[in-house]
Amino acid sequence: MEKPRNIQLRLLSYGVIAYMMLAFAWWSVLLFIKNRDAYQAKRDNMRLVMIAREEIPPTDEAFYHSPAFRALKKQYDRQEYMILGEAGVFVLSLAIGVWLINRGYHKEVMAAQQQRNFLLSITHELKSPIASIRLVLETFQRRELPKDKAEHLTKNALLETERLNKLVNDLLLSAKLESAYQLHQEPVNLAQLVEDIFEQMEAKYPRATFTFNKQTAVEDTMGDVAGLASVIINLMENAAKYSGEDADIEARISQHGHTIRLEIADQGIGIAEEEKNRIFEKFYRIGNEDTRKTKGTGLGLYIVNQIVKAHRGKIEVLDNQPKGTVFRIDIPVAKEVKQK
Ligand code: ADP
């Protein structure tokens, strides 16, 4: 939300701009009228002088066809066009200026809002695992626990530690992507990588159904294994996160010519058309209640997009049928990956 003070300032600047526009319009009209008056006075004067000097007979026709009147009329027409043209250019440049300022302002507000969202979610995301781990440790310190209870608590603490670890890794990776991200190139088989990650996911989300569909053979490509793994993990985690308990997730991989296509499809809550471009922005999270209930920082898809781009690939978001989302990545098979 915009602060009331900002709104006041905005209204004030709109007021000043509107005043300037009106004032300028008024001055243009005035100039126009004065110019016309001057022209008419000059014309009448010229006519009287010409008749007095007997240069022309005293008829309208003779005067309007005289070269002196024509020159005067031409000059007047030119001045009229000039006034109109200048007023048009001024109004147009002012309008463009206002539009540019407004756009910049809007971007700033959005960036500030995302930064604030990020701070809120990051604070929560950092604090809550630390608080749970601390609680577990304090419980251990205070009393002897039966074996099964101790195991349960340890498992929870480990999960929280893993969450914390992922968050810190995401933060570091996104900072790295902005400064000097160097692809660590080595041959990687994307189909194999997906299969390996599937095992981790199945262990982590026992209630979800994971289907791997290898549609064609897939060549090895040069790429950054850690980066590509992070792409697949982020997409699968999102698919699970935004599908509820019994997620149904399918990964499809195929190669067409020199392009490897990887699709991660879910049957989850789906993504509205107008959000599809925005979700790749840093810290962007869709603002509806369904997604706000889930944990996250809005960094995942930003990282995914940057890594895919660094491999000269592209990513698209499509609707799944009957519901849910498909993330489609096309990566060119590379003998050697070019640096960004
Ligand atoms: P995070 O998950 O940490 O919020 P991401 O960058 O991974 O951040 O995703 C950005 C937003 O895109 C999410 O907040 C969510 O609203 C939306 N999103 C991502 N993946 C999916 C998906 N598979 N289904 C529905 N919404 C998704």
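On the given criteria, is ILE279 within 11 Å of the ligand (Cβ to nearest atom) and outside any loop (DSSP other than H, G, I, E, B)?
Working: within 11 Å of the ligand (Cβ to nearest atom): yes; outside any loop (DSSP other than H, G, I, E, B): yes.
It is true that ILE279 is within 11 Å of the ligand (Cβ to nearest atom) and outside any loop (DSSP other than H, G, I, E, B).
Inside region 299-317, can you point out the residues that are among the aliphatic types (A, V, I, L, M) and more than 11 Å from the ligand (Cβ to nearest atom)?
First pass over region 299-317, keeping only residues among the aliphatic types (A, V, I, L, M): 299, 301, 303-304, 307-308, 310, 315, 317.
Residues satisfying the conditions are ILE307, VAL308, ALA310, ILE315.
Within region 253-272, count every residue that is more than 15 Å from the ligand (Cβ to nearest atom) and part of a strand (DSSP E or B). Let's see the steps before the verdict.
Filtering region 253-272 for residues more than 15 Å from the ligand (Cβ to nearest atom) gives 253-261.
With the extra rule that they be part of a strand (DSSP E or B), the set shrinks to 253-256, 259-261.
Total satisfying the criteria: 7.
Is it fair to say VAL91 is closer than 30 Å to ARG285 by Cα, in contact with a helix residue (DSSP H, G or I) (Cβ under 9 Å, 6 or more places away or on another chain) and surrounded by 14 or more Cβ atoms within 10 Å (Cβ to Cβ)? Please lay out each step first, then the result.
Working: closer than 30 Å to ARG285 by Cα: no; in contact with a helix residue (DSSP H, G or I) (Cβ under 9 Å, 6 or more places away or on another chain): yes; surrounded by 14 or more Cβ atoms within 10 Å (Cβ to Cβ): yes.
No: the conditions fail for VAL91.
Do any residues in region 162-187 that are under 11 Å from THR297 (Cβ atoms) and outside the structural domain of ILE303 (by TED's automatic domain parsing) have Cβ atoms under 7 Å from those of residues that are acidic (Asp, Glu) and part of a helix (DSSP H, G or I), where the two are at least six apart or on different chains, and which pairs are they?
Within 7 Å, the pairs are LEU167/GLU125.
Let me spell it out: the conditions are (1) modelled with pLDDT under 90; (2) surrounded by 14 or more Cβ atoms within 10 Å (Cβ to Cβ), and ALA208 meets all of them except one. Which number is the exception?
Of the numbered conditions (1) modelled with pLDDT under 90; (2) surrounded by 14 or more Cβ atoms within 10 Å (Cβ to Cβ), the odd one out for ALA208 is (1).
Any residue in region 316-340 that is assigned by TED's automatic domain parsing to the domain that holds ASP220 and of a type in the set (Lys, Arg) sitting within a Cβ distance under 7 Å of a residue that is at pLDDT 95 or above and loosely packed, with under 13 Cβ neighbours inside 10 Å? List the pairs, counting only those 6 or more apart or interchain.
Here the result reads ARG328/GLU316, each pair linking region 316-340 to a residue that is at pLDDT 95 or above and loosely packed, with under 13 Cβ neighbours inside 10 Å.
Tell me, yes or no, whether region 99-110 has at least one residue that is surrounded by 14 or more Cβ atoms within 10 Å (Cβ to Cβ) and farther than 30 Å from SER28 by Cα. Please lay out each step first, then the result.
Here is the first cut: in region 99-110, the residues surrounded by 14 or more Cβ atoms within 10 Å (Cβ to Cβ) are 105, 109.
Among the residues that remain, those that are also farther than 30 Å from SER28 by Cα are: 105, 109.
There is at least one residue in region 99-110 that is surrounded by 14 or more Cβ atoms within 10 Å (Cβ to Cβ) and farther than 30 Å from SER28 by Cα.
For the structure I just gave you, tell me whether ASN234 is touching a strand residue (DSSP E or B) at 6+ places or on another chain (Cβ under 8 Å) and either in contact (Cβ under 8 Å) with a residue 60 or more places away in the chain or not hydroxyl-bearing (Ser, Thr, Tyr) (or both).
On the way: touching a strand residue (DSSP E or B) at 6+ places or on another chain (Cβ under 8 Å): no; either in contact (Cβ under 8 Å) with a residue 60 or more places away in the chain or not hydroxyl-bearing (Ser, Thr, Tyr) (or both): yes.
No: the conditions fail for ASN234.
Mind checking whether some residue in region 195-203 is in contact with an Asp or Glu (Cβ under 7 Å, 6 or more places away or on another chain) and more than 18 Å from GLY300 (Cα to Cα)?
Taking every residue of region 195-203 in turn, none turns out to be in contact with an Asp or Glu (Cβ under 7 Å, 6 or more places away or on another chain) and more than 18 Å from GLY300 (Cα to Cα).
The values are calculated or read from the model by the stated rules, or taken from the named source; none is laboratory data. What you see is a predicted model; the values in this text were computed from it and never measured. Note: ideal-geometry Cβ built from the backbone for every residue, glycine included; neighbour counts use all protein chains shown.
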